Structure formats: C-alpha cells, structure tokens
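Q: Got a structure for you, written out below as structure tokens; questions coming shortly.
The values are calculated or read from the model by the stated rules, or taken from the named source; none is laboratory data. Predicted, not measured: the structure shown is a model, and the values here were computed from it. Here the Cβ is made from the backbone with ideal geometry for all residues, glycine too, and neighbour counts use every protein chain on show. Only protein heavy atoms, including side chains, enter the accessible area calculation; ligands, DNA and RNA are left aside. Shrake-Rupley method; radii C 1.70, N 1.55, O 1.52, S 1.80 Å.
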Amino acid sequence: MAPSRSPAGRGTSRPAAGRRLSRRWPELLLGALCIGVIAFAVSSIGSSSASTTSVQRTAEATRGVVQSTISGSGKLEAAKQVDLSFGASGEVTGIYVKAGE
C-alpha cells in the first residue's frame, strides 16, 4: 500500500488506514473489553454439574380440605371508609346467599 500524499505533495509517515485506526482505538478497546466481560460472565455463571446438586421429590396429589386457624385480639378497623349515597331510598328485605358462598 502506498503512503498517502499531503496536499503539498509530501509523503506522510502513516497510511490513511492507520489514521482511521488510531481514531477508532477507544471504540475497539471498549468492544474487546465488553466481549471479555461477557465471556467471563458466561464461564463463571454457566452450569457447573460438580457444584450443583438437585434433589427431586414427588408426592401424590389427593383431594381434601385445607384448613388453617388463627387467633388474635385487638380492635378491627376498616382500612378505607366511603360514604355512599343512592338515587332512591329503600329497605333491604333479604340477602339471598347461603353460608360458605
């Protein structure tokens, strides 16, 4: 590759490709550093069969009732209270639900 010429016609000591490379070396260094960090992370985090042991447990599923009882004492208060207003007045005469619904 022939050296590039300056406007005065004198040869330069660096070819044009060398000047482009010298301006891009921080980008190339950062790219190489990122690739190195990614390679290190994959190698250190990747699966290691010697260090991880897994235990598999199985159980038979059955139908039944899950029941939990708690007890406590104190005063209950609503977390939020809202005043309601309706367009018509009336009286509730029945609530048609059964216990447990």
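Q: SER73 - would you say it is surrounded by fewer than 10 Cβ atoms within 10 Å (Cβ to Cβ) and modelled with pLDDT of 90 or more?
A: Yes: the conditions hold for SER73.
Q: Here is a list: GLY18, GLY46. Which entry is exposed (fewer than 10 other Cβ atoms within 10 Å of the Cβ) and either at pLDDT 85 or above or not aromatic (Phe, Trp, Tyr) (or both)?
A: The unique qualifying residue is GLY46.
Q: Give the residue that is least open to solvent (accessible area, probe 1.4 Å), with candidates limited to residues of segment 77-101 that are within 45 Å of the chain's Cα centre (by Cα) and among the hydrophobic types (A, V, I, L, M, F, W, C).
A: Here the residue is ALA78.
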